[in-house]
Amino acid sequence: MNVKIFSLHWQNINDRIVWGQRKVFNKFNIPITQHCIDGLDHADWMQWVTDTTTNSPIILFVDVDCIITDPNKVSDWVRKSLDGALVGNIQSTNHLGAEVAKKTFAAPSFMVLNKNVYEGLLFLHSFSSLHHCISHFVTIFSKVIKRQSSIKFMI
């Protein structure tokens, strides 16, 4: 399975968290690329990763404090992505009020993105706003533009 895994953190993250994530991924023999790019917006980073990752159609974005506990489950989610689904853990943006919080989305803290299906959506940095995080827009666009695709939430 050809998947590339990426995480982003800033310099304010304790090194033990970064080391711990790497140690868990290494235990399962799963390569991960950890980027420390202080101050880089999450959407800009996702755009950059997507634009520069040319040797894999599947990208898994994980938060630096996200670890894998079952590699088989990860394989299952990657397979769903290969079928065209947007896969991610379910999230809502609670700090922006009740109306926004009602709208759930596939969060970038664990998001499997099939570049071949979602290439038309990957102008992400243009759509950050005060009312939605970037993956909220990816979820909305996948519902509207890619009607043939499904969204799989991990709960």
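The values are calculated or read from the model by the stated rules, or taken from the named source; none is laboratory data. Just so it is clear, the structure is predicted and the values come from calculations on it, not from any experiment. We place every Cβ from the backbone using ideal geometry, glycine too, and count neighbours over all the protein chains shown.
Observations on the model:
- When residues of region 5-50 are limited to those that are of a type in the set (D, E, K, R) and at pLDDT 95 or above, the one farthest from ILE68 (Cα to Cα): ASP15
- Residues located in region 80-110, provided they are assigned to a helix (DSSP H, G or I) and either free of Cβ contacts under 8 Å to residues at least 40 places away in the same chain or not basic (Lys, Arg) (or both): SER81, LEU82, ASN94, HIS95, LEU96, ALA98, GLU99, VAL100, ALA101
- Residue that is surrounded by the most Cβ atoms within 10 Å (Cβ to Cβ) [pool: residues in region 1-34 that are among the aromatic types (Phe, Trp, Tyr) and in a loop (DSSP other than H, G, I, E, B)]: PHE28
- Selection within region 83-101: residues that are at pLDDT 75 or above and surrounded by 15 or more Cβ atoms within 10 Å (Cβ to Cβ). The member of this set that is nearest to ASN116 (Cα to Cα) is GLY84.
- Annotation: of all residues in region 38-51 being out of contact with any helix residue (DSSP H, G or I) (no Cβ under 6 Å at 6 or more places or on another chain) and either over 21 Å from VAL112 (Cα atoms) or polar (S, T, N, Q) (or both), the one that is surrounded by the fewest Cβ atoms within 10 Å (Cβ to Cβ) is GLY39.
- Considering (1) touching a helix residue (DSSP H, G or I) at 6+ places or on another chain (Cβ under 7 Å); (2) surrounded by fewer than 18 Cβ atoms within 10 Å (Cβ to Cβ); (3) closer than 22 Å to LYS27 by Cα, the lone condition that LYS73 does not fulfil carries the number (1).
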